[in-house]
Amino acid sequence: MKATVCLPTYNERENLERIVRALGAHGVRVLVADDSSPDGTGEIADRLAQELDYVDVLHRPQKEGIGPAYIAAFRHALQTDTDLVLEMDCDFSHDPADVPRLIAACEAGADIALGSRYVPGGGTRNWGLVRRIVSWGGSFYARVILGLRIHDLTGGFKCFRRGVLETIDLDAIHSKGYAFQIELTYRAARRGFRVVEVPIVFVDRTEGTSKMSRTIFLEAVVKVPLLRLTVR
Ligand SMILES: Nc1nc2c(ncn2[C@@H]2O[C@H](COP(=O)(O)OP(=O)(O)OP(=O)(O)O)[C@@H](O)[C@H]2O)c(=O)[nH]1
Ligand SMILES: [Mg+2]
């Protein structure tokens, strides 16, 4: 199946080129969605797109969070003949070498394959106790309130069959941060799509800085019960 990896970037100049080249080994297309990073990530993306025929770039005028960046990238990818659309962080927390396993899960029948830290074989590396509790606790909170049988709801390493993204009402999604990941999976599960968790080991970034913030955290806390009440 043809696959497109969407890579949202904001100040990832230390990571982008290595990730794009590593993805090239897996026969996927790469779509970088850069929110006018002040560190020049967008220019690196343009240079790579000129050199490598599997790379495209979407430049967005301002930083709006991963939600809007992914939605713009999905719409762009859906205009091509790609069968699968992937999400992946551009900071090596997600290993490009795991991309074929996510694709294989969809080829084997999943509508959505989620890279999961909280199933046997998955895990996190180099994260302190607080980050581990926030992440696991966030997934547990969402799992209980939304009544899903999915263990990792906040992760951002995923593969969708294009039909999933064509069916969900992308216009209705306004989440910006982690809530976006929860919302997308919840809306897909409500539509009856088949979700499969693929174990991954998540490694804390070594280059660049995290964009996680208190606002992003609070958005997810508030959004989860709202999703439960409003999404049919
Ligand atoms: N286009 C765009 N990309 C973003 C934005 N915020 C974060 N990203 C990218 O989304 C990916 C995940 O962001 P991170 O900063 O790693 O956030 P995180 O993975 O939730 O947090 P950490 O685990 O602490 O790194 C990275 O590739 C970021 O560059 C944004 O506002 N716009
Ligand atoms: Mg990260």
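The values are calculated or read from the model by the stated rules, or taken from the named source; none is laboratory data. Model, not experiment: these values are computed from the prediction. Quick reminder, even Gly has a Cβ in these numbers, built from the backbone with ideal geometry, and neighbours come from all protein chains shown. In case anyone asks, the SASA skips ligands and DNA or RNA and just uses the protein heavy atoms, side chains included. Shrake-Rupley method; radii C 1.70, N 1.55, O 1.52, S 1.80 Å.
Some notes on this structure:
- Scanning the range 174-192 for residues that are in contact with a Lys or Arg (Cβ under 8 Å, 6 or more places away or on another chain) and open to solvent by 10 Å² or more (accessible area, probe 1.4 Å) returns a single hit, ARG190.
- Contacts under 7 angstrom Cβ, first residue in the range 188-213 being touching a residue at least 12 places away in the same chain (Cβ under 8 Å) and on the phi > 0 side of the Ramachandran plot, partner open to solvent by less than 40 Å² (accessible area, probe 1.4 Å) and charged (D, E, K, R), 6 or more apart: GLY208/GLU12; GLY208/ASP91
- Enumeration of residues in the range 93-127 that are modelled with pLDDT of 95 or more, in a loop (DSSP other than H, G, I, E, B) and either more than 18 Å from TYR70 (Cα to Cα) or acidic (Asp, Glu) (or both): ASP95, ALA108, GLY109, ALA110, ASP111, ARG117, TYR118, VAL119, PRO120, GLY121, GLY122
- VAL130, sole failed condition from (1) in a loop (DSSP other than H, G, I, E, B); (2) within 16 Å of ligand 2 (Cβ to nearest atom): (1)
- Being assigned to a loop (DSSP other than H, G, I, E, B), within 16 Å of ligand 2 (Cβ to nearest atom) and either under 19 Å from the mean Cα position of the chain (by Cα) or at pLDDT 95 or above (or both) is a condition met by at least one residue of the range 174-189.
- Every residue from the range 137-169 that is assigned to a helix (DSSP H, G or I) and surrounded by fewer than 17 Cβ atoms within 10 Å (Cβ to Cβ): GLY137, PHE140, VAL144, ILE145, GLY163, GLU166, THR167
- Some residue of the range 67-74 being open to solvent by 10 Å² or more (accessible area, probe 1.4 Å) and within 16 Å of ligand 2 (Cβ to nearest atom): no
- Residues of the range 222-232 that are in a helix (DSSP H, G or I) and not charged (D, E, K, R): VAL222, VAL224, PRO225, LEU226, LEU227, LEU229, THR230.
- Single residue of the range 92-121 satisfying the filter (under 25 Å from ALA73 (Cβ atoms) and in contact with a Ser or Thr (Cβ under 8 Å, 6 or more places away or on another chain)) that is nearest to ligand 2 (Cβ to nearest atom): PHE92
- Residues that are part of a loop (DSSP other than H, G, I, E, B) and without any contact (Cβ under 8 Å) to a residue 24 or more places away in the chain within the range 51-80 comprise ASP53, GLN79, listed in sequence order.
- Among the residues of the range 1-31, the ones that are in contact with a Cys (Cβ under 9 Å, 6 or more places away or on another chain), away from ligand 2 (no atom under 16 Å from the Cβ) and either assigned to a strand (DSSP E or B) or among the β-branched types (Val, Ile, Thr) (or both) come to 4 in all.
- If the condition is being in contact with a helix residue (DSSP H, G or I) (Cβ under 8 Å, 6 or more places away or on another chain), part of a helix (DSSP H, G or I) and over 17 Å from TYR10 (Cβ atoms), then the range 194-221 contributes PHE217, ALA220, VAL221.
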